[in-house]
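Enquirer: This structure is in structure tokens; I'll ask about it shortly.
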Amino acid sequence: MARYREEAAREPQEPLTPALFHVLLALADGEKHGYAILKEVALRTDGKVRLSAGTLYGIIKRLNEEGWIAESSNRPAAGLDDERRRYYRLTEDGRRVAVVEARRLEELLGMARSKKLFRKAELA
């Protein structure tokens with residue numbers, strides 16, 4: 001029971017902003033530097049979400065303070081790396097938070113479907 005309370009205390013009390021969630025998603029499959037995160041979010045959303053550098057680094061600061069991401073000490077080979085880059089990785093807590101948020105969104109989508117907000121053609 002104590003573990004449940006401890007885990008619940010670390011979960012966000014409110015839904016994540018879309019930008020925060022997109023950054024967590026970008027790191028879900030491996031470490032990335034800031035510019036790679038920006039590119040992935042833009043690519044994955046077909047350009048619908050474009051984070052500015054200032055917004056991204058504000059999000060990175062918050063996620064780091066929450067313990068949901070951490071700066072990585074792993075670096076690519078010297079010829080493939082730019083020493084100014086910082087690489088970030090998702091922590092276990094960050095992965096758990098992303099899963100909780102994805103489930104929340106999935107539940108909302110289920111409610112929308114149960115209310116028949118989608119036409120059959122839109123589901124394909």
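The values are calculated or read from the model by the stated rules, or taken from the named source; none is laboratory data. Since the model is a prediction, treat every value here as computed from it, not as a measurement. Positions of Cβ are backbone-derived with ideal geometry, glycine not excepted, and every protein chain shown enters the neighbour counts.
Enquirer: Output the number of residues of the stretch 65-81 satisfying the condition of being farther than 14 Å from H33 by Cβ, at pLDDT 95 or above and either touching a helix residue (DSSP H, G or I) at 6+ places or on another chain (Cβ under 8 Å) or not charged (D, E, K, R) (or both).
Expert: Initial filter on the stretch 65-81 (farther than 14 Å from H33 by Cβ): 65-68, 77-79.
From the residues that got through so far, the ones that are at pLDDT 95 or above too are 65-68.
Still in the list and also either touching a helix residue (DSSP H, G or I) at 6+ places or on another chain (Cβ under 8 Å) or not charged (D, E, K, R) (or both): 66-68.
Within the stretch 65-81, residues that are farther than 14 Å from H33 by Cβ, at pLDDT 95 or above and either touching a helix residue (DSSP H, G or I) at 6+ places or on another chain (Cβ under 8 Å) or not charged (D, E, K, R) (or both) number 3.
Enquirer: On to the next question. Considering only the stretch 28-41, state which residues are without any contact (Cβ under 8 Å) to a residue 24 or more places away in the chain, buried (at least 16 other Cβ atoms within 10 Å of the Cβ) and either among the charged types (D, E, K, R) or closer than 19 Å to T17 by Cβ (or both).
Expert: Matches in the stretch 28-41: L38, E40, V41.
Enquirer: Which residues, counting only those in the stretch 51-69, are among the acidic types (D, E) and surrounded by 14 or more Cβ atoms within 10 Å (Cβ to Cβ)?
Expert: E66
Enquirer: Something else: What number of residues within the stretch 65-75 are free of Cβ contacts under 8 Å to residues at least 24 places away in the same chain and not acidic (D, E)? Give the steps one after another, and end with the answer.
Expert: Initial filter on the stretch 65-75 (free of Cβ contacts under 8 Å to residues at least 24 places away in the same chain): 65, 70-71, 73, 75.
Narrowing the set further to residues that are not acidic (D, E) leaves 70, 73, 75.
Number of matching residues: 3.
Enquirer: If you take the residues of the stretch 15-27 that are outside any helix (DSSP H, G or I) and in contact with a Leu (Cβ under 9 Å, 6 or more places away or on another chain), which of them is surrounded by the most Cβ atoms within 10 Å (Cβ to Cβ)?
Expert: Looking at residues that are outside any helix (DSSP H, G or I) and in contact with a Leu (Cβ under 9 Å, 6 or more places away or on another chain), I get L16.
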